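Here is the structure we will look at, set down as structure tokens.
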Amino acid sequence: MQPDDFVPGTVWLVGAGPGDPELMTMKAVRLIERADVVFYDALVGNGVLALIPSGTDKVSVGKRSGRHSKDQRTIDAMLVDAAAAGKRVVRLKGGDPSIFGRSTEELTALRAAGHQVQICPGITTACAAAASAGISLTLRGVARDVRFVTAHSKRGAALDINWASLAGGGSTIAFYMGRDAAGEIMRELMRAGMSGDVPVLIACDVSGFNERRLATRLDLLELATRSFAADAPTLILVGEAVDEGTPALTTSRAQARQAHG
Ligand code: SAH
């Protein structure tokens, strides 16, 4: 702990983790306890919000599906105003601020206005989902990289994703914001050559009270998501490494596929 790392008029972008307050860093908790005002997203869990002292201003700025850049600009302006008023400002974000967290917009706006801003990392949902499922996102000889992909698009527009680069195998793919695009993800990956029997893990409300997971396969992704996820925050993991509970089987299956081309 550094006693002078949160002076009035400065801002911390703080990762709240996936929901369970025990998955926050000690630094995040300390910053929240010292803040004058906390701006938080819709996906920040109630258990995390309960850590904010009762005398601290709490401001909800999140929508479940933040779409309009105007809304982001409003948030940027609110942060700048709070810092300009000499407050210690915490901007609390679900998961890790650097993963689909719009943190660059906020950093840029705050720095342009002359305010000091720092980042406290958090556990991103993909890591928390893998931990809950008892799997590893990388798997020696099977999954050599992990891809964090946003499957959010403007309403009605096709996803702007390089499917061929994902479908080649050897990766674990974590789709954030992919619940409503599950059908498109399934069809595009298969069109790009991924096999329909590649394991998929659908993880909802990761680390929350309603946490649930469904292990399925790529060609059932749309049906499974529709019937399983409802409107919960949902992470979709795709790849040979995500076969929940059966890493040995997964490995041999992947090796068999490789051997047979
Ligand atoms: N910065 C966050 C991601 C923000 S994008 C992180 O690092 O995790 C928002 C998306 O994250 C949601 O649409 C969902 O796909 C995923 N997500 C966030 N919290 C989740 C949770 N508790 N369970 C499942 N998915 C979650």
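The values are calculated or read from the model by the stated rules, or taken from the named source; none is laboratory data. Values in this document were obtained by computation on a predicted structure and should not be read as measured data. Using ideal geometry, Cβ is built from the backbone for each residue, glycine included, and neighbour counts are taken over all protein chains shown. All accessible areas refer to the heavy atoms of the entire protein, side chains included, with ligands and DNA or RNA removed. Shrake-Rupley method; radii C 1.70, N 1.55, O 1.52, S 1.80 Å.
Some observations on this one:
- Meets criteria (within 15 Å of the ligand (Cβ to nearest atom) and either among the aliphatic types (A, V, I, L, M) or farther than 23 Å from residue 95 by Cβ (or both)) for residue 159: yes
- Within the option set 153, 195, being more than 10 Å from the ligand (Cβ to nearest atom) and touching a residue at least 40 places away in the same chain (Cβ under 8 Å) holds for one residue only, 195.
- Annotation note: Cβ proximity below 6 Å between a residue of region 218-246 that is in the same structural domain as residue 195 (by TED's automatic domain parsing) and a residue that is assigned to a helix (DSSP H, G or I) and at pLDDT below 95 (sequence gap 6+ or interchain) occurs for 240/250; 240/254; 243/250.
- Test: residue 84 is at pLDDT 95 or above and out of contact with any strand residue (DSSP E or B) (no Cβ under 9 Å at 6 or more places or on another chain): yes
- Counted as qualifying within region 148-239 are the helices (runs of 4 or more DSSP H) with 2 or more residues that are under 25 Å from residue 98 (Cα atoms), namely 163-167, 182-191.
- Where a residue in region 83-103 is assigned to a loop (DSSP other than H, G, I, E, B) and its partner, wherever it lies, is among the charged types (D, E, K, R), with Cβ under 7 Å and at least six apart: 87/36; 88/34; 88/36; 94/41; 101/93
- Looking across region 109-141, the residues that are assigned to a helix (DSSP H, G or I), in contact (Cβ under 8 Å) with a residue 24 or more places away in the chain and over 25 Å from residue 33 (Cα atoms) come down to 126, 129, 130, 132, 133.
- Residue 104 vs. criteria modelled with pLDDT of 95 or more, among the β-branched types (Val, Ile, Thr) and open to solvent by 60 Å² or more (accessible area, probe 1.4 Å): yes
- Condition met for residue 21 (within 16 Å of the ligand (Cβ to nearest atom), open to solvent by 10 Å² or more (accessible area, probe 1.4 Å), in the same structural domain as residue 81 (by TED's automatic domain parsing) and farther than 25 Å from residue 105 by Cα): yes
- Counted residues, region 185-206 - those being touching a Phe, Trp or Tyr at 6+ places or on another chain (Cβ under 8 Å) and farther than 30 Å from residue 20 by Cα: 4
Residues checked against (1) surrounded by 14 or more Cβ atoms within 10 Å (Cβ to Cβ); (2) within 14 Å of the ligand (Cβ to nearest atom); (3) at pLDDT 90 or above; (4) outside any helix (DSSP H, G or I):
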residue	(1), (2), (3), (4)
47	yes, yes, yes, no
52	yes, no, yes, yes
58	yes, no, yes, yes
67	no, yes, no, yes
73	no, no, yes, no
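- Going through (1) surrounded by fewer than 18 Cβ atoms within 10 Å (Cβ to Cβ); (2) touching a strand residue (DSSP E or B) at 6+ places or on another chain (Cβ under 7 Å); (3) more than 20 Å from residue 100 (Cβ to Cβ); (4) not basic (Lys, Arg) one by one, residue 141 falls short only on (2).
- Of all the listed residues (191, 147, 187), the sole one being among the basic types (Lys, Arg), within 14 Å of the chain's Cα centre (by Cα) and either in the same structural domain as residue 241 (by TED's automatic domain parsing) or open to solvent by less than 20 Å² (accessible area, probe 1.4 Å) (or both) is 147.
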